[in-house]
Structure formats: C-alpha cells, structure tokens
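Some notes on the structure that comes next.
The values are calculated or read from the model by the stated rules, or taken from the named source; none is laboratory data. As the structure is a computational prediction, the values presented were derived from the model and not from experiment. No Cβ is skipped: glycine too gets one built from the backbone with ideal geometry, and neighbour counts run over all protein chains shown.
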Amino acid sequence: SDQDKAFQDKIDRNVRIEPRDWMPEGYRKTLIRQISQHAHSEIVGQLPEGNWITRAPSLQRKAILLAKVQDEAGHGLYLYCAAETLGVSRDELTEQLLSGKAKYSSIFNYPTLTWADVGMIGWLVDGAAIMNQVPLQRCSYGPYSRAMIRVCKEESFHQRQGFDIVRALVEGTEDQKAMAQDALNRWWWPAIMMFGPPDADSTHSEQSMKWGIKLNSNDELRQKFVDQTVPQAEWLGLTLPDPDLKWNEDRQSYDFGTPDWDEFFNVIKGNGICNRERLDARNKAWDDGAWFREGLMAHAEKTTKQNIAAE
Amino acid sequence: SDQDKAFQDKIDRNVRIEPRDWMPEGYRKTLIRQISQHAHSEIVGQLPEGNWITRAPSLQRKAILLAKVQDEAGHGLYLYCAAETLGVSRDELTEQLLSGKAKYSSIFNYPTLTWADVGMIGWLVDGAAIMNQVPLQRCSYGPYSRAMIRVCKEESFHQRQGFDIVRALVEGTEDQKAMAQDALNRWWWPAIMMFGPPDADSTHSEQSMKWGIKLNSNDELRQKFVDQTVPQAEWLGLTLPDPDLKWNEDRQSYDFGTPDWDEFFNVIKGNGICNRERLDARNKAWDDGAWFREGLMAHAEKTTKQNIAAE
Amino acid sequence: MSPFATFCLRMGDNALILGQRTGEWCGHAPVLEEDIAFANMGLDLIGQTQLWYGMVSDELGKSPDDLAFFRGEREFLNTLLVEQPNTDFAHALMRQYLFDAWHLPMLDGLTGSTNADVAALAEKSVKEVRYHIDRSRDLIVRLGDGSPESHDRMQAALDWLWPFTADLLARDAADDTLVAEGMIPAAAPVQQAFDWETAETFARATLTAPDGPRRTGGRTGNHSEHMGYLLAVMQSVPRAHPGAHW
Amino acid sequence: MSPFATFCLRMGDNALILGQRTGEWCGHAPVLEEDIAFANMGLDLIGQTQLWYGMVSDELGKSPDDLAFFRGEREFLNTLLVEQPNTDFAHALMRQYLFDAWHLPMLDGLTGSTNADVAALAEKSVKEVRYHIDRSRDLIVRLGDGSPESHDRMQAALDWLWPFTADLLARDAADDTLVAEGMIPAAAPVQQAFDWETAETFARATLTAPDGPRRTGGRTGNHSEHMGYLLAVMQSVPRAHPGAHW
C-alpha cells in the first residue's frame, strides 16, 4: 500500500518513527516482541546476579553489584515504557512473562555457581549484550532507540566492572584463578549463543533488517564479539574452551568452533538448567506481592473518594 | 475423707499409684501440670539445639546432636503418654502449649548464639535437669516414675556429651576457649534458676512433697548442682560468673550469689529473649503441618470405609 | 575498644546488616519500583558501612572488609532490629521505617558533632536517609490505611518489630562519654524525634504500636538466632579463601 | 581422582547433603513422630557419610571432616535431588522417597561388591535404608491418596523433584570402570528396581510422574543455586576457625 511505501521510505531516509506515527501492524508486533523480550531479560537477569549480592566478597564489590542490579531493574522499567508506547500495558507483558508465554534471553537460565560467575556475566554476557545493543541506538523506532542509548551507557560500565572482577581473580590465589577458568568454561558457549542461531537458520531477520529494528546479522555480531574477547582472555591468562579457536590471517579475524545448537534450542524451549527456577522465582515474587499492590490500590481509591467528597 | 487417708497411706508406704487407682483431683491436676510442663520443655527444647544441627562443626558432633534432639522428641512422646494416663489428650496439651497457656522450662527462652552454647546446654542444662529428675524416678505415680527412669538414662549420656563439647573447646584455640567462657557466662545463671524460686517463695511445694511427686526442695537441689559443677568448671579451666562463689568449710559446700529473680519471673511471664520466637516456631510447625495431619486422617477414613464395604 | 570505635562499629554494623537484608530482595520485590528502591537503599547503606568502618580501621588495625567479613557474631554490634528476617515485604518495610525513624534524627544530631569527620560523614548520609524515610513513611501510611489485608500485615509486622526499637534507642556508658564530648547527640532529642515521627505516622496509617516488653542486646553483641545464618552466608566466600583479594 | 574415590564421594556427598536437609526439620515437623523420624534418618545418613568418606580418606589425603567442611561447591558430587530445599514437608517426603527408591537397590547391589569393605558398608547401610523406604513409601501412598490438599501438595512436590531423578540414575565412565571390576552394580538393575518401585507406589498413591526434560549435573559438581547457601551454613563454624578441633 501507499502507507507501507511511505513508511519504508521514512525508514530508508533514517527518519525516526514515533509513537503517534502510522506503522504497519507487523512492525508494531515485531517491536513489541523484541522490546518486551529485552525488558523481560533485564527483569529475569536480576536473579542470577542477585543470587550473589548477599555473598559478594568485599564491601566494594557488594556495592557495585547492588548498583548493577538496580540498573537492570531500571532498564526493565524504561523498556516496558518503550513497549507501552506501542499500545501494550506492563501488566499484559508481566502476565506473558509469568505464564511462560514470553521469552527472555536464554543466558539467564544458567545458574551462577561461584563468585567468578558474576565476573563472567559482566565481562561476557554484558559484553555480548552491548554488541547487540549498540547498533540499536540507531534503530528506526524513536522510544526504543532512546532507551538503548541510556542502556548502552550503563552496560558498558557493567562490562568493565565484570572484567575487573575477573582480573582480580586471575591476579589472586591459585584457587581464585581456577574459579575464573571454571566459570569461563561454563559461560563461554552460552555467551556465544546469545547472538541467536546462525544466519542461515534465523527467522524474521530479513524483514527486521528492512524495518531498521535489526541492524546486523547474528553471525556478524558473533564474529565481532569473538574478535573482541579473545585478546581480553589472553591478557587475563585464561583459556577459552574452544579447541578450534585460531587467528585467521586472511580474514583478519578468529575462526571458532560451532556451539551446541541443540542445547540452545533446548534451553529456548524451556528445558535449560534454571528455566523453572527463574519463572518460579518471578511468579513467587508476584504472587507474594499481591497484597502490596492491592493495598496501594485500595489506599488510592480511598484518597480519591475523600478528594471527591471534599470538592 | 477415708479415701484420701488410704491414698496418703499408700504413698507413705511407697506403693506406686497406677492409672486405674483412685486419686485425689488435686493430685491428678498437679501431676498433669508437672508432667505436661516437662513434656513441653522437651518439645520446645529441640529448638535451641536444633538451631545448631545444620552448623555442627564435625560429622561426629552433628551425629551426636541429631541423636540427642531425637531423644528429646522421644522424651516428649513418653511424657505425653504418661500424661494421657491421667485423662488428658495430647491434642489438648498441644493446644495449651501453642496458645501460650502452658508453661515450659524458661531455660529454652535463651538463644543459642555460638556452638559453645550447645555444649553448655548439655553440661549445665541437662545437668540441672538430671538433678531434678533423678529423684522423680522414685515418685509416687507409676507411669511418671517409669518414664523418668528411661529419660534419666539418656539425659546423663547427653550431659557427658555436652561436657565433652566444652572440653574440646577449652583444649582448643584461644578463640574456642573464649567461646566456651562466653557461653558459660551467659548460661550459668539461667541454669541456676532452673531449680525454681527459693524455697521460701515456692508455691505448691509442700503438698507436692507430701504426695511424693516432689522429693527435694528447690534450694537443696540447687546446692547439689553447684557443688557438683564447680569442680567440673575448675577442671575445665573456666570461671563461673559469680564473685560470691566460694567453698564453705563448715557446710562442706559452696556458698554462691543470688540469681536475678526479677529476670527469672520476667522470663516466666513471657518476656524472655526468645519466648516469642519459640512459640512462633512451634505454632508455625503446627499450622504448616495441618495438611499433613488432615491428609493422613483422610486416608485412614478411606481405608476404614473400604474395609467396612469389604466385610 | 574506645567508646568512639564502639560507636562507629554500631553505626557501621547497623548499615551493613540492614543492607544485607535489603539486598535479599533484589529480583523478588512485589513491583519493579521496589526492586529498584531496595537496591538503591542497600547501596546507600553499604556506602555508609564503608565510611563508618573507615573511621576506626586504624584504631582496630583491621580493614573495613576485615571488619565485615572476619568478625564473629558476638563481635557485631548492630541492633536486633536490622537483623530480623524478611518474613514478608511488610516486615521489610516496617523494619526499614523504624530504622529510618531513628537513623534520621541520629544522623541529624551527628552533623553537629565536634568530630569534623563524623560531622562530614553525617552530612553526606543524612541526605540519603531523608530520602529513605520519605519513601518508607509514605508506604507505611498507604499500606496501613490500605486494604484490610495490607493493614493486617503491616500491623503484624509492627507487633513483631516494635519491641526491638528499645535496642535501637538504647544508650550505655560508651555513648554517655561521647555525648559529654559533644561527639554524638544526647539520647533525649533522638528519642523524642523518634516518638513524634512514629506516633504521627502510625496515627495516619491506622496502626498501633504494641505495649509490652522490649528487647535489647544487639548493641552489646547479644543477637537473635537469625544473626548466625546471616553472617554464615555473608562471610562465606572470604572465609573460604582466607587471605585472598577480590 | 580414581573412579573409586569419585564413586565414594558421590555416595558420601549424597548422604551428607540429604542429612543436612533432613536435619533442618528438627523441631519443625508437622507431628512429633516425624521430628523423631527425620532426626533418625539424618543420623543414619551422617553415619553413612562418615563411612564413605573414610573409604577414600587415605587416597585423597583428607579426613572425613575436611571432606565435609573444607571443599567448595564445585567439588561436591551429590545429586541435584538431595540439595533441593525444604519448600514444604511434601517436598521433604518426596525427596526422601525418590532418594530411597534409588538408594535401596544401589546398596543392595553393593552388598555383592568385589570390594569387601564396600560390601560390608552396604550390608550395614542397606538395613537402615530398608527402614527409610518403608516409612517414606507408606507416607507417599497415604498422603497421595489422602485429602485433596495432601494429594495436590504431593503431586506438586513430585512435579518439581522428578526431573532430578535423572541425575540420581546417571552413570559415567567412572561408573563403567567400577561395574567392569564388579565393584558396583550395573546401571540396568538399579534403574529397573527404581522404575518398578516408583511405578507401583505412585499408582497406589494416585500420583503421576511428569513427562518432560530431566536434569543432571550434580554428580559432576554442577549444582543448583541452592547448594552454595547450604554449604555456607554447614561449613560456617569450621571455616571461621581454620585448624581448630571440635
């Protein structure tokens, strides 16, 4: 249609789409799915790291971790707001998360078993997230683009802090160094898989790229992440658990092995290590908090009535 | 009355009273109060020590502590059975405990703050309990007397184990020795007060002694306990927190200071450190377990109906 | 230990242990805004812990981290209130409010301390705590005067926690020395501010502070049985790796 | 570590961690008889822990207490099942029953071990475990086929815990070596006994084991997030006093 053509034309000219602008239903739906999935990831993402707040091994690390988890909840909040501009309410989105209907990043279905895992989440998981999110600062939908600008600034801070946790470990005792290597062994492949399936198997990608809400291919970002991370691991004196990893002089890039995609799809389907625990924790928080939300509502109603009566 | 006289005569001749024998209402009531108070003490007494089962510092100590807490629950069970022979049900007694109407030994309203407290409970609290209970093996009511024989055998085992915990501490590091001394400082006076108020202020005592359900006065037992414990503390190299404690050559016994009886009566009234916590824990166990008891009941009813139908 | 060190440890331990309880909520609060608020309060409290411990680090010959992670239960001097468990979110809110209602006038008084470092610390912290009590007071009122269930939960939390405020407000010889030196505020104005604050707020919230016995002990290292478990978790990593840096 | 040491640690760690969870109930069970039964099972399990650790103490150069109190989470080889929390008493009973349903045929097989020490250990333990499963099976049936609430709670516990039985029944190269040596029973008879036991019991209990994914990991040190907290508490005293004897 003409509307569709005009819309695509705006996108091609890098004009931001704003909430009141006309947009195709598919664009709206895809954006809602993408933004809410990202929001849910921030919310669920509080859990694996929150698991170590009470056990952070120094006051400074505890403070930094609290600040980080606070940021994540904050990101969830902006992103829900960005999604709301597309006509979906936070309650609907919450319901989708709690019922297991909505997805969130599979990486949060892995458990945090030692303090080193908190370092790995910062270094690798936030590193991969930034790689995905930096381009989205230029995405076609205004509120999403602006949320991404704010999120990226904080995420890169988190990544540096994560790296610093790992640095302290490798500079520490033998046990600490072993803890770091063990955590890297467990988190490397899940981080690699955060970029999604190989381009050949990736659904929706082409249309999203045309709409300017996906700006790079999965494999492109994955390669960039590997190329960035390998020298960091070398600097830290840690070994990436991939025997096929080696520098390719021709490509001026690292070759690397194939992740276990069966595992990836299995985790997506809900069969990951912590899927049940994560959903259970969020549902419990929601159910246990019902009285709190209802109490505030009841108070608001009383106040409104009193105000009306006083008029 | 003649019945009363014949009853007292039996007691004076050391004939045991059995459940089917006639007994004065006062005797029955006093016994129910005394036995159930003792039973409740065993039940509540699981809590302060149970608090350290998950934190016992060696496998052997953990095993011994589990065995001990199991014994306490077992004592609770015999004693409830002994009380039942007097025509009161376990459910009634439980209800009295949970509502706060029934008393239990005030000693269990003090918290166990370190591992050394577990040693002190064995050495001092069980030590005092045995001092109270040994004479009751000869008490006039048959089922109570027999329960006491069984209880005393186990309690003296517990006391030796408690003493052994303290011994290991005083033979250990400076920190361990300090832990033992600190715990002794906190438990000494409460243990002294376990024998009840001074004879001059003790109600009910005279009648109970006549009935053969109290065989020694509070002060008599307290003195015996002090005389037994002082040399043990000396052997351990620990200092009892009583500046007035000294050997009295004339009495061939130790003189000692006056406990803070205000505190004692305050704890009895329910204002001790852990009164709320103890009752709360027992009520929570009971309430959370309602479905379990009802489930078993429902199954029993089904089975009965099936059996009747099959007849 | 000097009265000054005792006082600083009490302040620091309160902040640390409440921060620890606060941090337990991350990802488990009833709404996202509360997740954020609790993380934020936790962050302020851990920051205050570092400042208080820093004040006495030299005298005690222990780094702030050693004070946090290598002391035993009997050496912690926080009040009983802050170590009470997160039975439900009502307990968490009420614990925070009661603490704030004491913490604010205490810090406010400390801004006038004759010790310039203490005054500066208080100046910085009092701003954070003003924000804490604005939030916690508001929620006490709205939930106390909310639905029947929210009222009952807040009242139950108040019934459980109120006796521990005695420990918060207690003073001993160490405090008296510091009051005489003008280092810390006298007991009366802090108590009065606490009484006014809580009386007015509970009236608005339709809640009633219970009569009956009060509990003390935490300030002298006599804790409730919850404390050992809290420390076991909090100290587990440094204790498992003695001598490590993080 | 030798396959034999790996096996003994797995057995000992299972007993210790389940004993730890069991011990948490003391004084908190729904009836006095269960307080007694749980303390008694805990006692048996800690005794078995000592025996299994004793078997490998020399090879590993660590005393049984060092194995219990000075290993980190990643070094514990217990199955995921036994570390699952005491969500309610239904979870505790179901966890015990599922464990017993594997433990009994496992120990039964071990009584025929070519290693005489293992055979003797199994001979002693199997008697205790026969008593455990008689109790736990009976309660599963009575509560599963009890009131609607008890049925629902038992079913919810089964739904949560069943996936972890995969970890209980898992075998790896270390096990294969020991099977070949006649040291431990083959996988098939243990699996079969487990399947029969549970199928018959759940039928009588009107409970249904869920389909769906299974969870493994504990046997190779990949635990659930509950494990760290359990160890933090369990190891807190020895860790705070390194080198002390108790």
*Enumerate the helices (runs of 4 or more DSSP H) found wholly within the range B:128-216, keeping only those where 2 or more residues are surrounded by 20 or more Cβ atoms within 10 Å (Cβ to Cβ).*
B:142-170, B:174-193
*In this structure, is B:Asp280 within 14 Å of chain D (Cβ to nearest Cβ), of a type in the set (D, E, K, R) and out of contact with any helix residue (DSSP H, G or I) (no Cβ under 8 Å at 6 or more places or on another chain)?*
yes
*Cβ-Cβ below 7 Å, separation at least six or inter-chain, first residue in the range B:259-277 and closer than 17 Å to B:Gln37 by Cα, second of a type in the set (Phe, Trp, Tyr) and at pLDDT below 90: which pairs?*
none
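Per-residue answers, yes or no, for (1) surrounded by fewer than 21 Cβ atoms within 10 Å (Cβ to Cβ); (2) within 16 Å of the chain's Cα centre (by Cα); (3) modelled with pLDDT under 95; (4) hydrophobic (A, V, I, L, M, F, W, C):
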| site | (1), (2), (3), (4) |
| --- | --- |
| C:Phe99 | no, yes, no, yes |
| C:His103 | no, yes, no, no |
| C:Gly112 | yes, no, no, no |
| C:Val118 | no, no, no, yes |
*Taking the condition crowded, with 19+ Cβ neighbours inside 10 Å and touching a Lys or Arg at 6+ places or on another chain (Cβ under 8 Å), does C:Pro30 pass?*
yes
_What's the number of the only condition in (1) away from chain D (no Cβ under 13 Å); (2) loosely packed, with under 14 Cβ neighbours inside 10 Å; (3) small (Gly, Ala, Ser) that B:Ala300 fails to meet?_
(1)
*Given the conditions (1) within 18 Å of C:Thr198 (Cβ to Cβ); (2) touching an Asp or Glu at 6+ places or on another chain (Cβ under 6 Å), report the number of the one that C:Ser147 does not fulfil.*
(1)
*Hey, among the residues in the range A:45-79 that are more than 8 Å from chain C (Cβ to nearest Cβ), among the aliphatic types (A, V, I, L, M) and crowded, with 24+ Cβ neighbours inside 10 Å, which one's nearest to C:Met234 (Cα to Cα)?*
A:Leu65
*Looking at (1) free of Cβ contacts under 8 Å to residues at least 24 places away in the same chain; (2) surrounded by fewer than 21 Cβ atoms within 10 Å (Cβ to Cβ); (3) of a type in the set (A, V, I, L, M), which is the only condition C:Leu107 fails?*
(2)
*Enumeration of residues in the range D:118-165 that are assigned to a helix (DSSP H, G or I) and of a type in the set (S, T, N, Q)*: D:Ser125, D:Ser136, D:Ser150, D:Gln155, D:Thr165
_D:Arg171 more than 16 Å from the chain's Cα centre (by Cα) and charged (D, E, K, R)_ = no
*Look at the range D:51-64 and say how many of its residues are within 9 Å of another protein chain (Cβ to nearest Cβ) and surrounded by fewer than 20 Cβ atoms within 10 Å (Cβ to Cβ).*
0
*Considering each residue of the range B:249-288, count those that are assigned to a helix (DSSP H, G or I) and charged (D, E, K, R), and give that number.*
11
*Hey, does the range B:28-36 have a residue that's part of a helix (DSSP H, G or I) and within 14 Å of another protein chain (Cβ to nearest Cβ)?*
yes
*Could you figure out which of (1) in contact with a His (Cβ under 6 Å, 6 or more places away or on another chain); (2) surrounded by 22 or more Cβ atoms within 10 Å (Cβ to Cβ); (3) not β-branched (Val, Ile, Thr) isn't true of B:Trp115?*
(1)
*Assess whether C:Ala29 counts as being within 7 Å of chain A (Cβ to nearest Cβ) and assigned to a helix (DSSP H, G or I).*
no
*Within the range C:216-237, which residues are within 7 Å of another protein chain (Cβ to nearest Cβ) and among the charged types (D, E, K, R)?*
C:Glu225
*Looking at (1) outside any helix (DSSP H, G or I); (2) without any contact (Cβ under 8 Å) to a residue 60 or more places away in the chain; (3) of a type in the set (A, V, I, L, M), which is the one condition that is false for C:Leu43?*
(1)
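Table: residues versus (1) under 26 Å from A:Leu296 (Cβ atoms); (2) more than 14 Å from chain A (Cβ to nearest Cβ).
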site: C:Ile140; (1), (2): yes, no
site: C:Gln155; (1), (2): yes, no
site: C:Asp159; (1), (2): yes, yes
site: C:Asp175; (1), (2): no, yes
site: C:Gly182; (1), (2): no, yes
site: C:Ala193; (1), (2): no, yes
*Would you mind telling me which numbered condition in (1) over 22 Å from C:Phe69 (Cβ atoms); (2) surrounded by fewer than 23 Cβ atoms within 10 Å (Cβ to Cβ) C:Met1 fails?*
(1)
_Matching residues in the range B:43-89 - criterion: being closer than 14 Å to D:Ile36 by Cβ, without any contact (Cβ under 8 Å) to a residue 60 or more places away in the chain and among the charged types (D, E, K, R)_ = B:Glu72
_Verdict on D:Val190 being modelled with pLDDT of 95 or more, in contact with an Asp or Glu (Cβ under 8 Å, 6 or more places away or on another chain) and assigned to a helix (DSSP H, G or I)_ = no
